[in-house]
């Protein structure tokens, strides 16, 4: 399935189906899951039907379903620019070369 081709409504339905399937896999009723997530049963029902709900509602439900790892894709990782990477590499190489050259060129003195 190409999710990019789905409408917003179809994606909401996909999320709702996922939540319902996970809830049922855990053998939880809507009443139980909604209580554990701190939301009303009617809000959970809306989510499972693919209706619009608050993002916090989805997070609370995913937490109870032990599915928060799905949100890891949103983590913004610090990236270094290619230019900064090259500068760091050159700085690191100079330090290594200087240290290794000094050790090779200066044998222990006999004094």
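The values are calculated or read from the model by the stated rules, or taken from the named source; none is laboratory data. It should be emphasised that the depicted structure is a prediction, and the values quoted were computed from it without experimental measurement. Glycine gets a Cβ as well: all are built from the backbone with ideal geometry, and neighbour counts include every protein chain shown.
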Every residue in the range 45-58 that is surrounded by 14 or more Cβ atoms within 10 Å (Cβ to Cβ) and either at pLDDT below 95 or under 23 Å from the mean Cα position of the chain (by Cα) (or both), please. 47, 48, 50, 53, 57, 58
Does any residue of the range 78-99 turn out to be surrounded by 12 or more Cβ atoms within 10 Å (Cβ to Cβ), at pLDDT 65 or above and assigned to a loop (DSSP other than H, G, I, E, B)? no
Which ones in the range 1-37 are surrounded by 13 or more Cβ atoms within 10 Å (Cβ to Cβ), touching a helix residue (DSSP H, G or I) at 6+ places or on another chain (Cβ under 6 Å) and either at pLDDT below 95 or farther than 21 Å from residue 74 by Cα (or both)? 20, 23, 30, 33, 34, 36, 37
Residue pairs within 9 Å by beta carbon, gap of at least six or interchain, first lying in the range 21-44 and part of a helix (DSSP H, G or I), second surrounded by 17 or more Cβ atoms within 10 Å (Cβ to Cβ) and modelled with pLDDT under 95, listed first then second, are none
